[in-house]
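Worksheet: one structure, shown below.
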Amino acid sequence: MESAELLEKPEKVSTDHFLLKILLKGREPVPGQFINIRIGRETDPLLRRPFSVFDWSDNRASIIIRIAGRGTSLLSELSPGPIDVIGPFGKGFTLAENKDVLLVGGGVGNAPLFFLARMLKERKCRITYVYGHRSKGHMFLTDVYRDLCHEFIPVTDDGSEGTRGYAGDIAGGIKRPGDYSHVYACGPHEMMKKTALAFSMKSRVEVSIERYFGCGTGLCSGCTIECADGLKRVCKDGPVFPGDNILWDRMV
């Protein structure tokens with residue numbers, strides 16, 4: 001496997017969020033897949049950290065990280081140079097073509113939806129995007145998202161940008177179910193559950209599940225969830241799943 005290289009120092013793009021650009025020769029991802037990064041050479045932090053691909057171009061992967069503890073804090077302070085990356089892994093999104101589509105993102109869950117939106121626009125889709133976050137200060141790179149969309153709807157918990165409320169609630173009220181052929185979502189559990197329940201009867205709904213991965217390759221089964229057709233490993237069978245196949249009330 002080709003080595004990976006952090007091309008420049010991580011860039012702060014909003015409160016607690018950083019953009020990393022990584023050279024990954026010969027490892028082209030699809031929207032919805034993730035890479036697994038080893039943070040240091042020591043045993044603490046022990047496990048790799050998974051990050052969805054924010055964008056990809058010319059053998060360069062971009063990811064967005066949110067500072068959530070010691071591991072991500074260390075990542076945000078890395079200097080350019082070699083970086084231990086495996087992947088991409090997982091099942092990605094289905095790409096619609098020439099359709100009306102809805103994307104619903106919450107928090108750092110917006111990250112994989114940018115790569116998806118760019119690919120959908122190339123396929124002549126008309127994109128409505130509900131971008132949710134805690135506050136205006138936490139929103140990252142909204143201008144580049146807006147440029148891809150036919151309609152861009154910012155939503156914040158505190159009302160500091162766009163509509164006050166939660167992305168899942170706003171998405172359910174903007175149009176009638178069936179107005180979109182595909183609905184894609186990534187973010188907090190309740191947001192994705194509401195989106196799936198609101199649209200699954202009339203649209204193809206795909207959600208990217210966020211879970212803590214022990215191995216990231218399906219060996220440890222620590223990220224297993226219950227679905228209508230049995231137990232599924234998020235890192236191997238997902239992270240993208242049909243929204244109507246997940247037993248939402250059994251997820252912890």
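The values are calculated or read from the model by the stated rules, or taken from the named source; none is laboratory data. Please read all numbers here as calculations on a predicted model, not as lab measurements. A quick note on method: Cβ atoms are made from the backbone with ideal geometry, for glycine too, and the neighbour counts reach across all protein chains shown. Protein only, heavy atoms only, side chains kept; ligands, DNA and RNA dropped before computing areas. Shrake-Rupley method; radii C 1.70, N 1.55, O 1.52, S 1.80 Å.
Points to keep in mind about this one:
- Some residue of segment 221-238 being surrounded by fewer than 18 Cβ atoms within 10 Å (Cβ to Cβ), more than 19 Å from the chain's Cα centre (by Cα), free of Cβ contacts under 8 Å to residues at least 12 places away in the same chain and not in a strand (DSSP E or B): yes
- Selection count where residues are open to solvent by 30 Å² or more (accessible area, probe 1.4 Å) and outside any strand (DSSP E or B), scope segment 1-39: 12
- Flag for Gly71 being surrounded by 13 or more Cβ atoms within 10 Å (Cβ to Cβ) and in contact (Cβ under 8 Å) with a residue 60 or more places away in the chain: no
- For Thr15, the conditions (1) over 24 Å from Tyr145 (Cβ atoms); (2) touching a helix residue (DSSP H, G or I) at 6+ places or on another chain (Cβ under 7 Å); (3) touching a residue at least 40 places away in the same chain (Cβ under 8 Å) are fulfilled apart from (1).
- Gly87 crowded, with 20+ Cβ neighbours inside 10 Å, under 26 Å from Asp237 (Cα atoms) and in contact with a Pro (Cβ under 9 Å, 6 or more places away or on another chain): yes
- Count - residues of segment 165-208 that are outside any loop (DSSP other than H, G, I, E, B) and either touching a residue at least 40 places away in the same chain (Cβ under 8 Å) or in contact with a helix residue (DSSP H, G or I) (Cβ under 6 Å, 6 or more places away or on another chain) (or both): 26
- Enumeration of residues in segment 138-168 that are within 21 Å of Pro112 (Cα to Cα), open to solvent by 50 Å² or more (accessible area, probe 1.4 Å) and not charged (D, E, K, R): Leu141, Val144, His150, Tyr166
- Scanning segment 109-137 for residues that are touching a His at 6+ places or on another chain (Cβ under 7 Å) and open to solvent by 10 Å² or more (accessible area, probe 1.4 Å) gives a single hit, Arg126.
- Options Ser181, Ser208; residue that is surrounded by 15 or more Cβ atoms within 10 Å (Cβ to Cβ), touching a Pro at 6+ places or on another chain (Cβ under 8 Å) and under 25 Å from Met119 (Cβ atoms): Ser208
- Some residue of segment 61-70 being more than 14 Å from the chain's Cα centre (by Cα) and of a type in the set (S, T, N, Q): no
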